[in-house]
Amino acid sequence: MRYSALTLLYHAFRGHRRWPRALPDVAPKHEYDVVIVGGGGHGLATAYHLARDYAPQRIAVVEKGWLGGGNVARNTTIVRSNYFHPARRALTERALTLWPRLSHELNFNVMFSPRGVLNLAHSTAQLDDLARRGNAMAVAGVDAELLDAAAVQTLVPTLDTTTVTRFPVTGGLLQRRAGTARHDALAWGYARAAAERGVDVIQHCPVQTVLRDGGRVTGVDTARGSIRAAKVALATCGGTSDLAASVALRLPLENHLLQAAVTEPVKPVLNTVVTHGTLNFYVSQSDKGELVLGGDIDGYNTYARRGDLPTIEAMARCCVSLFPAFGQLRLMRTWGGVVDMSMDGSPILSRTGLDGLYVNAGWCYGGFKATPAVGETFARMIAADETPALAGPFSLERFHTGRVVAEEGHGPRPWRYH
Ligand code: FAD
């Protein structure tokens, strides 16, 4: 729905009452050509591209909760493409070329803010490692700047760059085109744009099982009845293993809780995203002024969205060790999301052994940034029943062949990436 300036004025004079619904409230039909399970960023972006780029089809996005209730609106909004591994870099770089145009494309302000992402180094060896990553990026035509400690201090004056700290800063790798975006706006933007193109976006409709007949998918069973479909795409993030199990598909995924927190809002003190080089910690400042803190996963498997205090304490400790001045701020809110951690730290974007079943999962710490590229790529996979080049390395096959996609040499564990 596109509003002209006149419509805005009209509603302003009427006291902003009785605006038309942004999204129709749709009940599930008995049959679609494609059912996408999961109304997060990835599912909605996929539906949007299916409807926009391919021959007319009956498409539904079936979401168990409400739009933006999943990780799409629980994340810390970092968007970047600064990966060493070519496959990770190619997919996220495609997304990074789409992000700046997205508000216009969706007619919804996703507030993309290319404020830069700075990865810190705390030793000369680590700086060498960042130089290696930066060189790999530069060779691939992706922007990367290696900074020494003095340049880091100029860029982020609030950072403690003295040498007597627990983690002295020796430099950093900066990607200036990277940054942040408004997460729930992404979900709403894609949902509204998909609905305008005829997609049924169905909320409050949990899918209980995927249905099959021999080697093919035939639909899904939901809490609101069965839906027949020749193609079913899972974009259910932390809920994927259960649904896949309903058709005897075992996925190499573990669910963990990933927490984040915000401080009380303050005037602008941090104009870029900063990530710790040793511990899993990162911080940025929201447009409201809150410092947005992200940390590591809670170290046990869970479907619960409430986490442990020690993880938040570790986050706060890291924050204060890098930015002593932030120690004066109070934490206002913490929350968590269930992330599906794959065994090599990279996503699964794959066809399966069942005809008509497609899986998008395993995004670990970092699927938000890739959303626009996932939408394009997953839609192509579903529409043409083929594996697009960008998705090739992320097929399920890799766990059989051993051709895993790990950001080797960039941390003690393969899944330490957000
Ligand atoms: P979701 O929004 O979780 O969508 C999946 C949807 O499927 C949910 O709405 C869920 O309700 C639905 N669903 C599940 N099961 C069923 C079912 N049976 N039936 C129907 N619907 C179902 N990524 C970044 O790139 N940058 C970051 O800075 C970043 N920070 C993060 C910080 C935190 C605290 C967390 C938790 C995640 C972070 N991520 C980040 C990861 C990112 O949020 C996810 O990888 C990404 O959102 C996953 O894709 P999605 O948006 O489709 O997932």
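The values are calculated or read from the model by the stated rules, or taken from the named source; none is laboratory data. Because the structure is a prediction, the values reported are computed rather than measured. As a convention, Cβ positions derive from the backbone with ideal geometry for all residues, glycine included, and neighbour counts pool all protein chains shown.
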**Fill in**
Of Gly15, Gly65, Gly69, Gly40, the only residue that is within 25 Å of Ser342 (Cα to Cα), free of Cβ contacts under 8 Å to residues at least 24 places away in the same chain and not aliphatic (A, V, I, L, M) is Gly69
**Asked** Within segment 53-63, is even one residue exposed (fewer than 12 other Cβ atoms within 10 Å of the Cβ) and either closer than 27 Å to Leu243 by Cα or more than 8 Å from the ligand (Cβ to nearest atom) (or both)?
**Response** yes
**Request:** Looking for whichever is of a type outside the set (S, T, N, Q), closer than 23 Å to His85 by Cα and over 26 Å from the mean Cα position of the chain (by Cα) here; the options are Leu147, Leu118. Which one fits?
**Result:** Leu147
**Request:** Return a yes/no flag: does segment 226-235 have any residue that is in contact (Cβ under 8 Å) with a residue 24 or more places away in the chain, within 10 Å of the ligand (Cβ to nearest atom), surrounded by 15 or more Cβ atoms within 10 Å (Cβ to Cβ) and under 18 Å from the mean Cα position of the chain (by Cα).
**Result:** yes
**Prompt:** Name the pairs whose Cβ atoms lie under 8 Å apart, with the first residue in segment 77-97 and among the acidic types (Asp, Glu), the second within 14 Å of the ligand (Cβ to nearest atom) and at pLDDT 95 or above, and 6 or more positions between them or separate chains?
**Reply:** Glu93/Ser81
**Message:** If Asn280 satisfies all but one of (1) within 14 Å of the ligand (Cβ to nearest atom); (2) modelled with pLDDT of 95 or more; (3) in contact with an Asp or Glu (Cβ under 7 Å, 6 or more places away or on another chain); (4) not in a helix (DSSP H, G or I), what's the number of the condition it fails?
**Reply:** (2)
**Request:** Given the conditions (1) farther than 26 Å from Val359 by Cα; (2) in contact with a Leu (Cβ under 9 Å, 6 or more places away or on another chain), report the number of the one that Ala73 does not fulfil.
**Result:** (1)
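Got a sec? Which of Pro393, Pro388 is over 17 Å from the mean Cα position of the chain (by Cα), part of a loop (DSSP other than H, G, I, E, B) and closer than 21 Å to Ala233 by Cα?
Every option except Pro388 fails the conditions.
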**Message:** When the residues of segment 28-51 are narrowed to those that are assigned to a strand (DSSP E or B) and within 14 Å of the ligand (Cβ to nearest atom), which ends up surrounded by the fewest Cβ atoms within 10 Å (Cβ to Cβ)?
**Reply:** Val37
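Listed residues Val232, Val220, Val262; which is closer than 22 Å to Gly337 by Cα and in a strand (DSSP E or B)?
Result of the check over Val232, Val220, Val262: Val262.
Examine segment 349-367 for a residue that is near the ligand (Cβ under 10 Å from one of its atoms), in contact with a strand residue (DSSP E or B) (Cβ under 9 Å, 6 or more places away or on another chain) and either among the polar types (S, T, N, Q) or free of Cβ contacts under 8 Å to residues at least 40 places away in the same chain (or both), and state whether such a residue exists.
Yes: segment 349-367 contains one or more residues that are near the ligand (Cβ under 10 Å from one of its atoms), in contact with a strand residue (DSSP E or B) (Cβ under 9 Å, 6 or more places away or on another chain) and either among the polar types (S, T, N, Q) or free of Cβ contacts under 8 Å to residues at least 40 places away in the same chain (or both).
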**Prompt:** Given the structure, is Thr334 part of a strand (DSSP E or B), polar (S, T, N, Q) and touching a helix residue (DSSP H, G or I) at 6+ places or on another chain (Cβ under 9 Å)?
**Reply:** yes
**Message:** Residues that are crowded, with 20+ Cβ neighbours inside 10 Å and modelled with pLDDT of 95 or more, at least 3 per element: which strands (runs of 3 or more DSSP E) completely within segment 81-196 meet that?
**Reply:** 117-121, 171-175
**Prompt:** Is it the case that some residue within segment 377-399 is touching a residue at least 24 places away in the same chain (Cβ under 8 Å), under 22 Å from Asp242 (Cβ atoms) and polar (S, T, N, Q)?
**Reply:** yes
**Fill in**
Considering segment 236-253, residues that are of a type in the set (Gly, Ala, Ser) and not in a loop (DSSP other than H, G, I, E, B), and then whichever is surrounded by the most Cβ atoms within 10 Å (Cβ to Cβ), we arrive at Gly238
**Item:** So Thr311, is it part of a strand (DSSP E or B), among the polar types (S, T, N, Q) and in contact (Cβ under 8 Å) with a residue 40 or more places away in the chain
**Value:** no
